[in-house]
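One structure below.
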Amino acid sequence: MTEKPTLLRTDRLLLRPWRETDLAPWAAMNADPEVRQHLGGVMTRDQSDASVRRFQEEFAARGYGWWAVEVRESGAFVGFAGLDDVDEEMPFTGVEIGWRLDRSAWGHGYATEAALACLDFGFEQLGLDGILALTTVGNLRSQAVMRRIGMTRDPAEDFDDPTVPDGPLRANVVYRISRERRRRDAARQAGQARRGR
């Protein structure tokens, strides 16, 4: 695919292709134990750089994947958000949504804002019928974002990640949202905005 990946713009954020200048702050994020708390340990600089090359290759091949997230006002790189095919080892198939932000970007609503843009891209541009999200049972911050973007959890889908050794990161939860649910939510939000709420 030779065309440039789609840019996603929100009120405060730009979801864009990765740049060389993103590598150092991305590596710093991946070396932060708090950022990596639910992801299985910190990454080396080589591992971090390799992940970006993989993101770029997958995006070029599919037309979607992990965007770099930038704050529009400052131009600061703050992490990633996007859509990815569920790993083959998982007990289900589909497209998952995800995000990872630098600690300096936590608590500003950026994850929610970026995730909503990714949902809309998945439903409107890719024509997906549903999108899912997974995280560890203990990752309450990410689960809160999942609920804020309209996703719901069915405890019957909870599973042990077969790619993770026994321990606190093995037990995972699954959240889902359908295209119809996102349409209803967006229409409700637009109506509230028109009424000044």
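The values are calculated or read from the model by the stated rules, or taken from the named source; none is laboratory data. Just so it is clear, the model here is predicted, and its values are computed rather than measured. As a convention, Cβ positions derive from the backbone with ideal geometry for all residues, glycine included, and neighbour counts pool all protein chains shown.
If you take the residues of segment 143-194 that are in contact (Cβ under 8 Å) with a residue 40 or more places away in the chain, touching a strand residue (DSSP E or B) at 6+ places or on another chain (Cβ under 9 Å) and of a type in the set (D, E, K, R), which of them is nearest to H38 (Cα to Cα)?
Selected residue: D161.
Might you let me know whether segment 148-159 holds any residue that is of a type in the set (F, W, Y) and over 16 Å from the mean Cα position of the chain (by Cα)?
yes
Kindly indicate whether E70 is out of contact with any helix residue (DSSP H, G or I) (no Cβ under 6 Å at 6 or more places or on another chain) and loosely packed, with under 14 Cβ neighbours inside 10 Å.
Judged against the criteria, E70 is not a match.
Which of the residues spanning segment 38-67 are over 12 Å from W18 (Cβ atoms) and loosely packed, with under 13 Cβ neighbours inside 10 Å?
Hits for segment 38-67 are G41, T44, D46, Q47, A50, A61.
Of all residues in segment 91-141 being touching a residue at least 40 places away in the same chain (Cβ under 8 Å) and basic (K, R), which is nearest to E70 (Cα to Cα)?
Within segment 91-141, the match that is nearest to E70 (Cα to Cα) is R100.
Counting only residues that are modelled with pLDDT of 95 or more and not charged (D, E, K, R), which one in segment 91-104 is farthest from A31 (Cα to Cα)?
Per the stated criteria, the residue is G94.
Condition check ((1) under 15 Å from T10 (Cβ atoms); (2) polar (S, T, N, Q); (3) in contact with a Pro (Cβ under 9 Å, 6 or more places away or on another chain); (4) assigned to a strand (DSSP E or B)) across all residues:
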| residue | (1), (2), (3), (4) |
| --- | --- |
| R100 | no, no, no, yes |
| A114 | yes, no, no, no |
| D120 | yes, no, no, no |
| I131 | no, no, no, yes |
| R141 | no, no, no, no |
| V145 | yes, no, no, no |
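Go through E96, E73, E113, E124 for me and flag whichever is over 26 Å from V164 (Cβ atoms) and in contact with a strand residue (DSSP E or B) (Cβ under 8 Å, 6 or more places away or on another chain).
Among E96, E73, E113, E124, only E113 is over 26 Å from V164 (Cβ atoms) and in contact with a strand residue (DSSP E or B) (Cβ under 8 Å, 6 or more places away or on another chain).
Name every residue in segment 26-39 that is in contact (Cβ under 8 Å) with a residue 40 or more places away in the chain and either within 20 Å of E57 (Cα to Cα) or aromatic (F, W, Y) (or both), in order of residue number.
The one that is in contact (Cβ under 8 Å) with a residue 40 or more places away in the chain and either within 20 Å of E57 (Cα to Cα) or aromatic (F, W, Y) (or both): W26.
If I ask for residues that are among the charged types (D, E, K, R) and either within 19 Å of the chain's Cα centre (by Cα) or modelled with pLDDT of 90 or more (or both), which ones from segment 161-182 would you list?
D161, R170, R176, R179, E180, R181, R182
Name the single residue that is nearest to the chain's Cα centre (by Cα) among those in segment 102-112 being assigned to a helix (DSSP H, G or I) and not hydroxyl-bearing (S, T, Y).
Checking each candidate, the answer is A111.
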